[in-house]
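To keep things clear, I will list the structure first and then write my remarks on it.
The values are calculated or read from the model by the stated rules, or taken from the named source; none is laboratory data. If you're wondering where the values come from, they're calculated on a predicted model, not measured in any experiment. As a convention, Cβ positions derive from the backbone with ideal geometry for all residues, glycine included, and neighbour counts pool all protein chains shown. All accessible areas refer to the heavy atoms of the entire protein, side chains included, with ligands and DNA or RNA removed. Shrake-Rupley method; radii C 1.70, N 1.55, O 1.52, S 1.80 Å.
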Amino acid sequence: MKKTLLTLVIAMAFNVGYVVAADAKPAFPNPAKAIASQIYEMLGENNIPEEIRGSKAEVRVAVDRGNHLRILSVDTENEAMEDFVRSSIDFQKLGKGTYEKGIVYRIPIEVKK
């Protein structure tokens with residue numbers, strides 16, 4: 001009886017220690033990943049022109065105070081790709097999240113064939 005009680009007390013002590021050591025902070029996604037996924041959704045909502053299929057671009061964006069995307073530059077060799085990206089995501093409002101203002105995010109974009 002004493003061994004069972006002692007084992008139960010030790011097991012409960014370990015469980016309490018495990019619960020106390022667990023981090024209770026909510027896990028927020030990385031802001032760059034959250035912005036990239038929202039940009040991919042914005043681009044996917046539009047019909048993708050055939051002349052940009054197979055093109056790649058690196059887009060540099062920043063977030064302003066109103067959580068709007070501001071395109072700083074689009075680095076690509078295809079002019080149609082640049083026009084498509086600018087018309088699709090420039091000045092678009094981001095969804096809820098904690099975005100750092102004044103940080104330049106580099107988002108790689110590739111349109112599959």
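Tallying residues that are in a loop (DSSP other than H, G, I, E, B), acidic (Asp, Glu) and open to solvent by 70 Å² or more (accessible area, probe 1.4 Å) within region 62-113 yields 2.
For first residues located in region 42-57 and among the hydroxyl-bearing types (Ser, Thr, Tyr), partners that are open to solvent by 60 Å² or more (accessible area, probe 1.4 Å) and lie 6+ apart or on another chain with Cβ distances below 9 Å form the pairs SER55/GLU77; SER55/GLU110. Restrict the check to region 41-61 and report whether at least one residue is open to solvent by 100 Å² or more (accessible area, probe 1.4 Å), modelled with pLDDT of 75 or more and over 25 Å from the mean Cα position of the chain (by Cα). The answer is yes; a qualifying residue exists. Looking at this structure, is ALA27 of a type in the set (A, V, I, L, M), out of contact with any helix residue (DSSP H, G or I) (no Cβ under 8 Å at 6 or more places or on another chain), at pLDDT below 80 and within 22 Å of GLY95 (Cα to Cα)? So ALA27 fits the description; yes.
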